Every structure is written in structure tokens, then in C-alpha cells.
Amino acid sequence: QVQLVESGGGLVQEGGSLRLSCAASGSIFSVNNMGWYRQAPGKQRELVASITSGGSTNYADSVKGRFTISLDNAKNTVYLEMNRLKPEDTAVYYCNWQGFVGTRPYRFLEVWGQGTQVTVSS
């Protein structure tokens, strides 16, 4: 059983920066991946960035060079540093957690955060 707490969303001007965080808690054995997705009104949810417990990252082309994802394994927390924000970055951002919980045999879980609103004004 895993719970996610997201924070850091808000309103920012174009060109500004924002840092999102997502802390996982519960009977966690190990995390495989954590990531950030976003969904704008009327659009499909899309992957923004993901990171494995080993530090391998993946970014959407639209955010490469502007966003940075990082994972603190000890704190079970993933961060998304967003720089040079654009109006098209406006969306609800969702944290995603994938890993194993409990005791042997460990159970695989995928958990979603409730989402945090990011609004970028022009």
C-alpha cells in the first residue's frame, strides 16, 4: 500500500520556474520507476518525464532542456524542476509510482497521485 503526496503547483509567469515534488509513503519494499504526467483540458494525458531507481531518465521532447526529474531513493520522493515555463505547459501534473510493496512475496503496484495544477500565464 502506497500513498503519494504532491506539492509545488501553482501560477507562474511565462519564463518562470516551478518545482514539483511527490513523496511516497507506505509499506514500500522498492521503487522501480517514478514519473510525471500531465493532462490539459480536452487532451490526452502524456508522459512528461520518468526516472528509474537507478537514475535512468526519459523526457518528452517538448520539455527536454527545460525540465529535470530527480529521485531521492532514501526519501522516496521524486522532483520535477521546471524552468523557462511556457503557456503550453499549463496542465494538471500527476505523479506516478511503480514498485513493490509489503513482504514476500512482494506485490507490484502502480499508484497515481491526485494531481497538482500548474498554470503558466503569458
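Going through (1) among the small types (Gly, Ala, Ser); (2) over 13 Å from the mean Cα position of the chain (by Cα); (3) farther than 21 Å from Val2 by Cβ one by one, Ala91 falls short only on (2). I'd like the full set of residues that are of a type in the set (Ser, Thr, Tyr) and farther than 22 Å from Phe108 by Cβ, limited to region 1-25. Answer for region 1-25, where residues must be of a type in the set (Ser, Thr, Tyr) and farther than 22 Å from Phe108 by Cβ: Ser7, Ser17, Ser21. Taking the criterion of being on the phi < 0 side of the Ramachandran plot and in contact with a strand residue (DSSP E or B) (Cβ under 6 Å, 6 or more places away or on another chain), the residues of region 68-85 that qualify are Thr68, Ile69, Ser70, Leu71, Thr77, Val78, Tyr79, Leu80, Glu81, Met82, Leu85. Residue-level check: of (1) in contact (Cβ under 8 Å) with a residue 24 or more places away in the chain; (2) exposed (fewer than 14 other Cβ atoms within 10 Å of the Cβ), Cys22 misses just (2). The numbered conditions (1) farther than 16 Å from Ile51 by Cβ; (2) in contact with a Gly (Cβ under 8 Å, 6 or more places away or on another chain) are all true for Glu88 except (2). Within region 69-116, the set of residues being in contact with an Asp or Glu (Cβ under 6 Å, 6 or more places away or on another chain), surrounded by 18 or more Cβ atoms within 10 Å (Cβ to Cβ) and polar (S, T, N, Q) comprises Thr116 only. Just to be sure I understand, how many residues within region 26-68 are closer than 17 Å to Leu109 by Cβ, open to solvent by less than 70 Å² (accessible area, probe 1.4 Å) and more than 15 Å from the chain's Cα centre (by Cα)? Number satisfying all stated conditions: 4. Need pairs with beta-carbon distance below 8 Å; first residue within 12 Å of Gly9 (Cβ to Cβ) and within region 74-94, second part of a helix (DSSP H, G or I); sequence gap 6+ or separate chains. If the second residue must be part of a helix (DSSP H, G or I), the pairs left are Met82/Asp89.
Scan Gly65, Gly54 and give me the residue that is at positive phi and either in a loop (DSSP other than H, G, I, E, B) or without any contact (Cβ under 8 Å) to a residue 12 or more places away in the chain (or both). Full working, then the answer.
On the way: Gly54 fails: at positive phi.
Criteria check complete, one pass: Gly65.
The values are calculated or read from the model by the stated rules, or taken from the named source; none is laboratory data. This structure is a prediction, so every number in the text was calculated from the model and none was measured. Note: ideal-geometry Cβ built from the backbone for every residue, glycine included; neighbour counts use all protein chains shown. The accessibility values were calculated without ligands, DNA or RNA, using every heavy atom of the protein model including side chains. Shrake-Rupley method; radii C 1.70, N 1.55, O 1.52, S 1.80 Å.
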